[in-house]
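Trainee: Once you've had a glance at the structure underneath, I'll fire off some questions.
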Amino acid sequence: MKENILDVLMYLFENYMNDDIEFESDEESIRTELQAAGFRQTEISKAFDWLEGLSDLQDSPVEIINPTTSIRVYTEQEMERLDINGRGFLQFLEQTGVLGHTTREMVIDRVMALGAATEEFDLEQLKWVVLMVLFNQPGHEAAFAWMEDLVFDETTGQLH
């Protein structure tokens, strides 16, 4: 089984995020279940580190100076990770109000934090990262619900 960090995160999101489970208190039992599900300890640890990094971003968000007049310029590494479709999708989410400047930066940070662990990073994976970031942001419930509808098919509960 060739799983990566994003697969572990998606599994956690699908199985735990809506259950109001405290990760700190249940971390060992969750790790054990993830191993039983076939995930390697390395990916599990990296996924928990990724979630901790997301929590840290929430505690000290990036401050954008002049957000209405600034333009986001992607670094070379970011452009390698986020192709034109991904960057366009982030811009679309900003223009529709799903993401703000700060949440966009959080998404980009979390995409980059996945590193080379995900060889190919596509639009569907980006949608999952956006969904996870919005889930962890108080006051973004409507944006989260919109993204959740985009990621999940309401009629079947299946991924698009």
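Trainee: Within segment 109-149, take every residue that is at pLDDT below 85 and assigned to a helix (DSSP H, G or I) and give me the one that is nearest to Asn4 (Cα to Cα).
Mentor: In this case the residue turns out to be Ala117.
Trainee: Kindly indicate which of Asp83, Asp149, Asp109 is within 18 Å of Leu9 (Cα to Cα) and charged (D, E, K, R).
Mentor: Numbers: Asp83 fails: within 18 Å of Leu9 (Cα to Cα); Asp149 fails: within 18 Å of Leu9 (Cα to Cα).
None of the other options fit; the residue is Asp109.
Trainee: If Ile64 satisfies all but one of (1) modelled with pLDDT under 85; (2) loosely packed, with under 14 Cβ neighbours inside 10 Å; (3) under 20 Å from Arg110 (Cα atoms), what's the number of the condition it fails?
Mentor: (2)
Trainee: Could you give me the residue pairs with C-beta distances under 6 Å whose first residue belongs to segment 91-113 and is over 24 Å from Lys46 (Cβ atoms), whose second residue is assigned to a helix (DSSP H, G or I) wherever it lies, and which are 6+ apart or on separate chains?
Mentor: Once the first residue is over 24 Å from Lys46 (Cβ atoms) and sits in segment 91-113, its partners that are assigned to a helix (DSSP H, G or I) give Glu94/Arg104; Val98/Ala143; Val98/Trp146; Leu99/Leu93.
The values are calculated or read from the model by the stated rules, or taken from the named source; none is laboratory data. Quick caveat, the model's predicted, so the values are computed rather than measured. Neighbour counts are summed over all protein chains in view; Cβ atoms, including those assigned to glycine, are modelled from backbone coordinates with ideal geometry.
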